[in-house]
Amino acid sequence: MLPSTWSVTVERSVVLSAGAARMHEMDALLTLRAPDGTSSVVLVECKNRIVVPRDVAAIARQIDAFTRAAVNKGMRIAGRMLAAPFVSPTTRAQLDGHQMGWFDVTGNLRLRLDDPVVVVDRVGAERNDMRDPSDRLLKSLRGSAAAKVVLELSETALPVGVRELAVRAGVGGGTSARVLGLLDREAVVDRDEDGVVTAVRKRALIDRWVQDYQVLNANEVITALDPRGVNHALDELSLVDIRFALTGSAAARAYLPDSVTPVSPLVLLSLYAEDPVGLMRQLGLKAVDRGANVMVMRPYDDVVHAKSRVVDGLVYAAPAQVVADLMTGPGRSSEEAEQVLAVLASAEPGWE
């Protein structure tokens, strides 16, 4: 990917001694040389298996140890990379936090150097299609059972064990164990030696969930029009006798402090309804293919109602559900999600 005037040389399986009986090995050293003669050395750690986010800290420590040994011998190390069959988005985020680049065989690549300046960012696959038939570990948070665990973890009291979490979330013990196993591998939760969850990184939790959850795909959606406007539909909700829970932009406003101005105007009212057609009838909405200002959804699971909250007399989906819906919704909803996340981070532990 570099111009033909550059050169790249590879030295494999490099071993450095760091005192008596202490040896450090790196799978490869890349030397990149620019046309003006300047060069940089990049350390590469290779794995012949999928690397999960939980593995990154140990890989970083290994590279750090080699870097210290190299510097003591007068070498200048400019960059560090992981090479693996597949590097997932969450693993990439962990690597970025350790100032490491990456390469995988699907084409994902990041390499950034200061001198000579090199910035290479290439996107490959977002999902791993290479499956080991013997690997029966949970790989996805798709489905209502996983969603129940995710939403419970976003607000449950800690510490919490597998069985207690299952009871709180209303799922089976096996489901709770498998979901926690995935989240542990993805470095979303911390667990003690007994498997009890001691910490939840809630932002990372939602980021991981929306890799498998999309609001428009997971729910049955009806796009509708209130000719009298979005605010009319919002005002009339207090009069309906059908169970509902607001989400999206309207819910974002409900969770923002009065002193915070929303990043965008309310142009689309999104809500879950137990009986979408009945609710539309009571509000006087008309189903349309274009020009909708209301989106009514039959929810993927009753958990959106069970976890709902009442704010100023109206019912809203839980903050975690609202953020996930905004992150995967239309328009500028992703910006609204970031605004809600910033408020949550300032008010509740775990959202930082």
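What the table shows:
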read-out: Hits in the stretch 307-334 (condition: in a helix (DSSP H, G or I), open to solvent by 20 Å² or more (accessible area, probe 1.4 Å) and at pLDDT 95 or above); value: MET327
read-out: Hey, LEU205 in contact with a strand residue (DSSP E or B) (Cβ under 6 Å, 6 or more places away or on another chain) and either among the hydrophobic types (A, V, I, L, M, F, W, C) or surrounded by fewer than 21 Cβ atoms within 10 Å (Cβ to Cβ) (or both) or not; value: no
read-out: Residues within the stretch 96-122 that are surrounded by 11 or more Cβ atoms within 10 Å (Cβ to Cβ) and either hydroxyl-bearing (Ser, Thr, Tyr) or without any contact (Cβ under 8 Å) to a residue 60 or more places away in the chain (or both), tallied; value: 13
read-out: Looking only at the stretch 251-268, and only at residues there that are touching a residue at least 40 places away in the same chain (Cβ under 8 Å) and under 14 Å from ASN293 (Cα atoms), the one that is surrounded by the fewest Cβ atoms within 10 Å (Cβ to Cβ); value: VAL267
read-out: Answer residue from the stretch 226-236, given it is of a type outside the set (Gly, Ala, Ser) and surrounded by fewer than 17 Cβ atoms within 10 Å (Cβ to Cβ) and is nearest to GLY248 (Cα to Cα) among those; value: ASN231
read-out: The listed residue being touching a Gly at 6+ places or on another chain (Cβ under 9 Å), assigned to a strand (DSSP E or B) and small (Gly, Ala, Ser), out of SER40, SER13; value: SER40
read-out: Filter result (surrounded by fewer than 20 Cβ atoms within 10 Å (Cβ to Cβ) and under 18 Å from the mean Cα position of the chain (by Cα)) within the stretch 146-177; value: GLU155
read-out: Selection from the stretch 56-75 of residues that are in contact with a Ser or Thr (Cβ under 8 Å, 6 or more places away or on another chain) and either assigned to a loop (DSSP other than H, G, I, E, B) or not small (Gly, Ala, Ser) (or both); value: VAL56
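One line per residue, one yes/no per condition, for (1) in contact with an Asp or Glu (Cβ under 6 Å, 6 or more places away or on another chain); (2) open to solvent by 10 Å² or more (accessible area, probe 1.4 Å):
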| position | (1), (2) |
| --- | --- |
| ALA273 | no, no |
| VAL294 | yes, no |
| PRO299 | no, yes |
| VAL304 | no, no |
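The values are calculated or read from the model by the stated rules, or taken from the named source; none is laboratory data. Given the structure is predicted, the values throughout are model-derived calculations rather than measurements. Neighbour counts run over all protein chains shown; Cβ positions are idealised from the backbone, glycine included. SASA here: full protein model, heavy atoms, side chains in, ligands and nucleic acids out. Shrake-Rupley method; radii C 1.70, N 1.55, O 1.52, S 1.80 Å.
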